[in-house]
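One structure is given below, encoded as structure tokens.
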Amino acid sequence: DPPPLYIITPTYRRPEQLAELTRLGYTLKHVVNLLWLVIEDANKTNPLVAHTLDRIGVPYEYLVAPMPEEYKATKRAKPRGVSNRNRGLDYLRANASEGVLYFADDDNTYDISIFEQMRYIQKVGMWPVGLVTKTGVSSPIIRNGKLDGYYDGWIGGRKYPVDMAGFAVSVKFLHERPHAKMPFKPGYEEDGFLRSLGPLANAEIELLADQCRDILTWHTQTKKNPPASPVNFTRYGQTNLE
Ligand code: UDP
Ligand code: MN
């Protein structure tokens, strides 16, 4: 068997939720030796989500990790999916020994070839992400075959100005860093997590997607939909509403 993949997907209840999970789930279904960690920002699991995951048929764990109240209450930007991802890291610390972890938001788009490439990461791997900010791409910059900085529409003083969809980490490497976690700091989630892995030399960062020439992941965003009409009832879509 190839090394296992652990895909950590934060999710939360909204009209689009089951559609997003369905689309992502059928992408992941093309990938072998994968465990999908679906972690909902909620106090309890939702049977409709569990039913959807069962129907898709990808091996999964369905866990919950609510956003702390102090962040939920704020009118400013929220640290979306941070509780969920940290719960996923805890799960891996308790249950995984090898392979690679990847944070796959439920609304993004993934070419399955990136999963086959990321399995063999020894420490941290990175690659470009499309549809990030007005500039349209976030990517490591490669000069003479080597990592030489980052291109992103918003640098914001980050050491690692990368998108959540643009990196993956070896589970063994994570185990060697028991304090690594994602901060509740909007805009700085990726940077904070990567910094918490300790100093990384550019040469230690593996460059995937044909040395960052290919775009294989996209930060797609789904437009907000109105709650479905009771008249237009579908068994799985409609009933995921309050
Ligand atoms: N998310 C969450 N709780 C929230 C909002 C978002 O768990 O209150 C999840 C969401 O399902 C997604 C990730 O966190 O997997 C990032 O959220 P979103 O896609 O809304 O952020 P954006 O892509 O706009 O930065
Ligand atoms: Mn998103």
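Figures for the structure shown
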{"quantity": "Residue that is nearest to ligand 2 (Cβ to nearest atom), among those in region 115-126 that are farther than 17 Å from His30 by Cβ and in contact with a Pro (Cβ under 8 Å, 6 or more places away or on another chain)", "calculated": "Met126"}
{"quantity": "All positions within region 28-39 that are open to solvent by 30 Å² or more (accessible area, probe 1.4 Å) and either under 17 Å from the mean Cα position of the chain (by Cα) or small (Gly, Ala, Ser) (or both)", "calculated": "Lys29, Leu35"}
{"quantity": "Hits in region 191-212 - residues which are surrounded by fewer than 19 Cβ atoms within 10 Å (Cβ to Cβ) and free of Cβ contacts under 8 Å to residues at least 12 places away in the same chain", "calculated": "Pro199, Ala201, Asp210"}
{"quantity": "Some residue of region 116-123 being away from ligand 1 (no atom under 14 Å from the Cβ), over 26 Å from Pro199 (Cβ atoms), part of a helix (DSSP H, G or I) and open to solvent by 70 Å² or more (accessible area, probe 1.4 Å)", "calculated": "yes"}
{"quantity": "Any chance Pro161 is modelled with pLDDT of 95 or more, touching a strand residue (DSSP E or B) at 6+ places or on another chain (Cβ under 7 Å) and surrounded by 13 or more Cβ atoms within 10 Å (Cβ to Cβ)", "calculated": "yes"}
{"quantity": "Number of positions in region 124-154 that are assigned to a loop (DSSP other than H, G, I, E, B) and open to solvent by less than 70 Å² (accessible area, probe 1.4 Å)", "calculated": "8"}
{"quantity": "Some residue of region 40-59 being among the hydrophobic types (A, V, I, L, M, F, W, C), under 15 Å from the mean Cα position of the chain (by Cα) and either surrounded by fewer than 16 Cβ atoms within 10 Å (Cβ to Cβ) or at pLDDT 95 or above (or both)", "calculated": "no"}
{"quantity": "Filtered residue count, region 89-106, keeping only those that are surrounded by fewer than 19 Cβ atoms within 10 Å (Cβ to Cβ) and within 15 Å of ligand 1 (Cβ to nearest atom)", "calculated": "0"}
{"quantity": "Gly192 touching a Lys or Arg at 6+ places or on another chain (Cβ under 7 Å), under 29 Å from Pro3 (Cβ atoms) and at pLDDT below 95", "calculated": "no"}
{"quantity": "Single match in Pro178, Pro230 (criterion: open to solvent by 50 Å² or more (accessible area, probe 1.4 Å) and at pLDDT 95 or above)", "calculated": "Pro178"}
{"quantity": "Count of residues meeting criterion [basic (Lys, Arg), within 16 Å of ligand 2 (Cβ to nearest atom) and assigned to a helix (DSSP H, G or I)] in region 75-114", "calculated": "1"}
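The values are calculated or read from the model by the stated rules, or taken from the named source; none is laboratory data. As the structure is a prediction and not an experimental result, all values here were calculated from the model. Neighbour counts are summed over all protein chains in view; Cβ atoms, including those assigned to glycine, are modelled from backbone coordinates with ideal geometry. In case anyone asks, the SASA skips ligands and DNA or RNA and just uses the protein heavy atoms, side chains included. Shrake-Rupley method; radii C 1.70, N 1.55, O 1.52, S 1.80 Å.
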